[in-house]
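Enquirer: Just dropping this structure here.
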Amino acid sequence: MLAAAGLLLAGMPQPAVIVAYNVEKTTSAALAAGGHGPGTLLGNFLEDAVTALGGSIQRWEPVLDGTAYHLRVHVTYP
């Protein structure tokens, strides 16, 4: 998984929080409708990255910043 490899190369092998800024429009629409991220295009991407890092998502946190959504996932590791 490319995102996980990038985090590893950046020296962040077990980030506690991963944030996706300015999410794409289908995920943004799902968040605006009250969703939290799982099952969306970006949510699936973040889930794959967290799995590749050996973690699991503890909490999803959609953040509305003006007119743009960001999506945070809080990660735990065994």
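Enquirer: When the residues of region 36-46 are filtered to those that are within 14 Å of residue 74 (Cα to Cα) and touching a residue at least 24 places away in the same chain (Cβ under 8 Å), which remaining residue is farthest from the chain's Cα centre (by Cα)?
Expert: Out of the qualifying residues, it is 36.
Enquirer: Continuing with the same structure: Being part of a strand (DSSP E or B), β-branched (Val, Ile, Thr) and surrounded by 19 or more Cβ atoms within 10 Å (Cβ to Cβ) narrows it down to one of 73, 63, 23, 19, so name that one.
Expert: 73
Enquirer: OK, next. Could you list, ordered by first residue, the pairs with Cβ atoms under 8 Å in which the first is in region 7-25 and farther than 17 Å from residue 55 by Cα and charged (D, E, K, R) and the second is open to solvent by less than 70 Å² (accessible area, probe 1.4 Å) and modelled with pLDDT of 85 or more, at least 6 apart or interchain?
Expert: As it stands, the answer is 24/42, since those pairs meet every condition given.
Enquirer: Looking only at residues in region 1-16 that are open to solvent by 40 Å² or more (accessible area, probe 1.4 Å) and among the hydrophobic types (A, V, I, L, M, F, W, C), which one is nearest to residue 70 (Cα to Cα)?
Expert: 16
Enquirer: If you don't mind, there's one more thing I want to ask. Considering region 26-60 alone, what residues qualify as being within 17 Å of residue 4 (Cβ to Cβ) and assigned to a loop (DSSP other than H, G, I, E, B)?
Expert: 53, 54, 55
Enquirer: What tally of residues in region 19-35 results from selecting those that are of a type in the set (A, V, I, L, M, F, W, C) and closer than 23 Å to residue 75 by Cβ?
Expert: 5
Enquirer: Separate question: May I ask you to list the residues in region 46-60 that are more than 20 Å from residue 22 (Cα to Cα) and open to solvent by 50 Å² or more (accessible area, probe 1.4 Å)?
Expert: Once the filter is applied, which keeps residues that are more than 20 Å from residue 22 (Cα to Cα) and open to solvent by 50 Å² or more (accessible area, probe 1.4 Å), region 46-60 yields 51, 52, 56, 58.
The values are calculated or read from the model by the stated rules, or taken from the named source; none is laboratory data. Source: prediction; values computed, not measured. Backbone-built Cβ (ideal geometry, glycine too); neighbour counts: all protein chains shown. Note: areas computed on protein heavy atoms with side chains; ligands, DNA, RNA excluded. Shrake-Rupley method; radii C 1.70, N 1.55, O 1.52, S 1.80 Å.
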